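Encoded as structure tokens, the structure appears first; notes follow it.
The values are calculated or read from the model by the stated rules, or taken from the named source; none is laboratory data. Since we're looking at a predicted model, the values are computed, not measured. Here the Cβ positions follow ideal geometry from the backbone for every residue, glycine too, while neighbour counts run over all protein chains shown. Just the protein is used for accessible areas: all its heavy atoms, side chains included, with ligands, DNA and RNA removed. Shrake-Rupley method; radii C 1.70, N 1.55, O 1.52, S 1.80 Å.
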Amino acid sequence: MKTVLISGAGIAGPTLAFWLRAAGFQPTLVERAPTLRTGGYVIDFWGLGYEIAERMGLTTAINRAGYHVQEMRIVDDRGQRVAGFGTGVFTELTNGRYVTLRRSDLSRLLFEKISGTTDVIFGDDIIGLRQGQDGVLVQLRHGEERRFDLTIGADGLHSSIRELAFGPQRQFEKHLGYVVAAFEVDGYRPRDENVYLMYGKPGRMLGRFTLRNDRTLFLFVLAADGDVVASAPDQQKAKLREVYGDCGWECPQILQRLDGADELYFDRVSQIRMAKWSQGRVALVGDAAFCVSLLAGQGSALAMISAYILAGELAAAGGRHAEAFGNYEARLRSYIDTKQRGAERLASVFAPRTAAGLWFRNQVIRTFAVPGVARLVAGRDIVDALRLPDYEWPFQNDLQSSVTDNWGGGTAAKS
Ligand SMILES: Cc1cc2nc3c(=O)[nH]c(=O)nc-3n(C[C@H](O)[C@H](O)[C@H](O)COP(=O)(O)OP(=O)(O)OC[C@H]3O[C@@H](n4cnc5c(N)ncnc54)[C@H](O)[C@@H]3O)c2cc1C
């Protein structure tokens, strides 16, 4: 039984804890926030992430919590449709295994699978790491020094495990030139169920998505240097007002609702690029290792894939971490590189910086109405080029008691 400390209870952290438990390891999860984070933004979820969720018995709950978007609609200053497409092509390409849900809902569902079987420490974080021959000595901010066999950073884009074990974030961060903001409000009108509305001006995008319980989510993507992210929430709101102040459509009323927003998500659109994802007994998963950015539309799935493969390789190597970490990277490295390159290319399409770029983007999206075009374009990115390896999970049945769906799988054979 190896003890593993995981930093971060987002997407990768609970997934890793689940599969480590299934393999017979003893994970402990530490999360900086005092409780699981709520709100935030919605994510599209499909492919291998969906397949892992299925193996964890979670897809019924995920589909219940999620939305099945019918249309992506781009509107002009007066709210008239200028381009868009039906999202049926995604459903078709994924055999209906495609859902949009709050990132926080996915995180909560993953977390529910491990509560009761994994030690969890909320409201704390790791401020010191010392690696020795037979373990890692970890200093918690609010606790004593503890020893673990392995330590894994699943603490996202701004990972402090990465900082402690590999060096400052600036060495690894590639800012893609945009900032993203999101917030939710109650009682906004109009509502468009299962439609993702997008409005654009050069260098600015604003999306609106109708949620259940009379909630609405707004997503801003704007060309900006990353410094504003470090400022106080009031300054971040001021930045949004300044940048979107002259915009049409519903921008004035959306900006007005910023005042009452209880939580504003605000961050750089960046990628993390590292030569190695492990250092001795410390390794990274998910955004901490290789954040692909929101532009890949798949970061959560990749976080889950990396967690699943890391746990599987540790199990297959009988806990020999150097061998396992090497295999983990070998399996994923080129797949992640491709995703990062694809996301970087997409940056200029998501929020084009010029009027001509915006016009061209909309023309391209209009061609999606031509039969077969959307399938051809989306197919390249939607269908995963990786096959999920199978590993032996001798203790998975112990976790089935907390399983939400009926999953028929028993112990899988290693491929
Ligand atoms: C606007 C937006 C849209 C997106 N859309 C999609 C999409 O459509 N599809 C998709 O798959 N992905 C999408 N993503 C990406 C996706 O959200 C991330 O890739 C995914 O959340 C990464 O999971 P993670 O567990 O690695 O990190 P996170 O989800 O960021 O979780 C990290 C956790 O670590 C905690 N933490 C941070 N620092 C510490 C510390 N020092 N100590 C302890 N805990 C710490 C945090 O509180 C958090 O709980 C989107 C992202 C954004 C911003």
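For the list (1) closer than 21 Å to Y265 by Cα; (2) more than 18 Å from the chain's Cα centre (by Cα), I need the number of the one condition that V136 fails.
Here V136 clears every test but (1).
Select, from A296, A261, A307, the only residue that is under 26 Å from L109 (Cα atoms) and open to solvent by 20 Å² or more (accessible area, probe 1.4 Å).
Only one candidate qualifies: A296.
Identify, please: which residue in segment 264-277 is out of contact with any Cys (no Cβ under 9 Å at 6 or more places or on another chain) and open to solvent by less than 10 Å² (accessible area, probe 1.4 Å) and is, among those, farthest from R320 (Cα to Cα)?
Selected residue: V269.
Being buried (at least 17 other Cβ atoms within 10 Å of the Cβ), touching a residue at least 24 places away in the same chain (Cβ under 8 Å) and under 27 Å from A23 (Cβ atoms) narrows it down to one of G116, G84, G66, G47, so name that one.
G47
Which residue is nearest to R281 (Cα to Cα), if the candidates are limited to segment 1-43 and must be at pLDDT 95 or above, within 11 Å of the ligand (Cβ to nearest atom) and among the charged types (D, E, K, R)?
In this case the residue turns out to be E31.
I'm trying to understand the selection: among the residues of segment 140-156, which are part of a loop (DSSP other than H, G, I, E, B) and either hydroxyl-bearing (S, T, Y) or within 14 Å of the ligand (Cβ to nearest atom) (or both)?
Passing the criteria: R141, H142, G143, A154, D155, G156.
Are any residues in segment 157-196 hydrophobic (A, V, I, L, M, F, W, C) and either closer than 24 Å to S270 by Cα or part of a loop (DSSP other than H, G, I, E, B) (or both), and if so, which ones?
Selection gives L157, I161, L164, A165, F166, F172, L176, V179, V180, A181, A182, F183.
One residue is enough: does segment 245-255 have a residue meeting the conditions surrounded by 24 or more Cβ atoms within 10 Å (Cβ to Cβ) and over 19 Å from D44 (Cβ atoms)?
So far as segment 245-255 goes, no, none of its residues is surrounded by 24 or more Cβ atoms within 10 Å (Cβ to Cβ) and over 19 Å from D44 (Cβ atoms).
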